[in-house]
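The values are calculated or read from the model by the stated rules, or taken from the named source; none is laboratory data. Since the model is a prediction, treat every value here as computed from it, not as a measurement. Virtual Cβ from ideal backbone geometry, glycine too; neighbours counted across all protein chains shown. SASA here: full protein model, heavy atoms, side chains in, ligands and nucleic acids out. Shrake-Rupley method; radii C 1.70, N 1.55, O 1.52, S 1.80 Å.
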Amino acid sequence: MKFQFNKDQILNNFQAWALRNPDQTFSRILLPFVSFVEGLIANSPTYLYSKRFNLGRNFCCAGQVVMGEFATLESALTSPQARTWRLGTTLLDQDFFPNLDVGGRNVFPLALSDLEAGGNGNHETFRQYMQKYILNENATQRQSDETAKSLLARLATDYLEMPHDIGGSFFSDDQRGLKRFMVRYLHYVLFGLNPDEEQVMELLTQLYYTNLGTLHYFAVVGKLLQKFNLKGHKNLSEMIEQVATIYENSTALADFQENIADENLMTRRELAKMMTSIMSIAALQGPLHLCYTSMGFRPLPSYPGQKTAEINLTDYWDNLDLNDRQAVKLYLLECARVWAPVSASHRVATAPFTITIADREQTFPTGTKVLIPMSLGLLDKSFWGETTYEFNSQRENLCPFHMGFHSVGDRHAGRICPGRDLALEMLVDILVTVGKVRRSS
Ligand code: HEM
């Protein structure tokens, strides 16, 4: 315990100094290394929690200043943000992102600053394109049609036929079960692709799940995987181009209005390429992880000093009124509170700021990377009270103050997860359909 305390202190003190003195040689040599290594480790769900436990509300981690106070998080999530190449704590490799990877411009929304925070307007424009062509009324309609229902029915059959307790292959297999469902369902709903076209579904499954396509975008990791051709990463860029072409020719983009003359607008290819990164990093990961938690694939994290890991969530699922969709949604939101599928986001400071770290006021310069740890806000006792680590889907303020989708309930400044409602609708359908066969078996 003492060693843990010292290690945290040393790392914190070094980073606080280095972030305040970014031009010093020592900072320039060591900080990128600390950012990379700690950035990966900090994805463990208890890491930031332990830091807060040992160091207090504000600290430094993964080359970023972490401000864990509920009100500070609330303000960060509802204000314009400047951005850089980070996925929460993880460093990203801009060389691999659309469309920088083919000598084009950056169309990855998470790394584009808001106009009001120094951006050039591309974040706002590209988001509008996604909403116009992909996350639109047609997608919502497809969610409740016969094809979507038959995919859900197939998922329920897989659930009955495959092991589905902790670690069960229903969750981990990529030819059947949950992962195959996610690929089929989301590509049908978002792009109108035919879920029975096996060759296409196989390519998509390989790119996004079998070959761990998300790691392609991680700094150092992506290049190492490519260099040593691990998990088929030598061909990953080619696969991404193939998939972008499939998206380009999909029903969703059939009516795309191309306007090459105006460079502020997006091309069809850019939108398709942008969606390959979004499917990889956002759409096929967040919902999968929320299913892992809510359907009993893995226990809740063991937060130090808490009994969260002993909570059996499937007991709660089994006792839900499955005809009450709002109750199922609240159950999912509470699962996403005690274990946020996306733990943190980031911003870049657009002005110097002063905060207290380890009882000392410290001033950080413009350009400092700041972590937005939604997971700490979702578990903040000062807001949620003494029952923070208990499971209660009826808890007060769950909807209006939920931070799991990069907003505070419905409040945000233009960066709320645009897939939130679609994801929740799908997840409620999964828990209801699979929940019914689970009870009848
Ligand atoms: C349980 C499911 C999901 C959760 C918890 C979730 C959470 C989040 C979070 C926290 C962010 C902000 C990340 C950041 O800015 O650093 C985000 C962004 C985003 N999500 Fe989701 N997401 C989910 C599902 C989806 C789905 C199904 C889609 C479908 C396309 C989607 C599309 C996006 C996009 C495009 C962004 C970037 C928005 C922007 O930068 O303006 N997400 N999501």
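Below, the figures for the structure above:
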read-out	value
Hits in the stretch 387-433 (condition: within 24 Å of the chain's Cα centre (by Cα), under 26 Å from ASN323 (Cβ atoms) and β-branched (Val, Ile, Thr))	VAL428, ILE430, VAL432
Whichever residue in the stretch 315-328 is open to solvent by 40 Å² or more (accessible area, probe 1.4 Å) and outside any helix (DSSP H, G or I) and, among such residues, is nearest to the ligand (Cβ to nearest atom)	ASP324
Residue list for the stretch 106-115, restricted to those being free of Cβ contacts under 8 Å to residues at least 40 places away in the same chain and either in a helix (DSSP H, G or I) or open to solvent by 30 Å² or more (accessible area, probe 1.4 Å) (or both)	ALA111, LEU115
Helices (runs of 4 or more DSSP H) contained entirely in the stretch 172-229, each with at least 3 residues that are of a type outside the set (A, V, I, L, M, F, W, C) and more than 21 Å from the chain's Cα centre (by Cα)	198-205, 221-227
Residue within the stretch 88-102 that is within 9 Å of the ligand (Cβ to nearest atom), open to solvent by 20 Å² or more (accessible area, probe 1.4 Å) and either of a type in the set (Val, Ile, Thr) or in contact (Cβ under 8 Å) with a residue 40 or more places away in the chain (or both) present	no
Counted residues, the stretch 69-87 - those being touching a residue at least 12 places away in the same chain (Cβ under 8 Å) and more than 16 Å from the ligand (Cβ to nearest atom)	2
Residue among PRO418, PRO341 that alone is closer than 30 Å to PRO163 by Cβ and open to solvent by 40 Å² or more (accessible area, probe 1.4 Å)	PRO341
Yes/no for ASP429 being at pLDDT 95 or above, surrounded by fewer than 20 Cβ atoms within 10 Å (Cβ to Cβ) and within 30 Å of PHE108 (Cα to Cα)	no
Unique match (being within 20 Å of VAL342 (Cβ to Cβ), surrounded by 21 or more Cβ atoms within 10 Å (Cβ to Cβ) and at pLDDT 95 or above) among LEU186, LEU155, LEU204, LEU215	LEU186
Per-region count, the stretch 271-314, residues within 14 Å of the ligand (Cβ to nearest atom) and either touching a Ser or Thr at 6+ places or on another chain (Cβ under 8 Å) or not small (Gly, Ala, Ser) (or both)	20
One residue from ASN259, ASN264 being in contact with a Ser or Thr (Cβ under 7 Å, 6 or more places away or on another chain), modelled with pLDDT under 95 and either within 14 Å of the ligand (Cβ to nearest atom) or open to solvent by 60 Å² or more (accessible area, probe 1.4 Å) (or both)	ASN264
Answer residue from the stretch 346-361, given it is touching a helix residue (DSSP H, G or I) at 6+ places or on another chain (Cβ under 7 Å) and open to solvent by 10 Å² or more (accessible area, probe 1.4 Å) and is farthest from ARG415 (Cα to Cα) among those	ALA358
Qualifying residue in the stretch 109-129 (condition: within 11 Å of the ligand (Cβ to nearest atom), in contact with a His (Cβ under 7 Å, 6 or more places away or on another chain) and within 17 Å of THR276 (Cβ to Cβ))	yes
Residue within the stretch 167-178 that is surrounded by 16 or more Cβ atoms within 10 Å (Cβ to Cβ) and within 16 Å of the ligand (Cβ to nearest atom) present	yes
Residue list for the stretch 33-76, restricted to those being closer than 21 Å to HIS289 by Cβ, part of a loop (DSSP other than H, G, I, E, B) and not aliphatic (A, V, I, L, M)	ASN43, SER44, PRO45, THR46
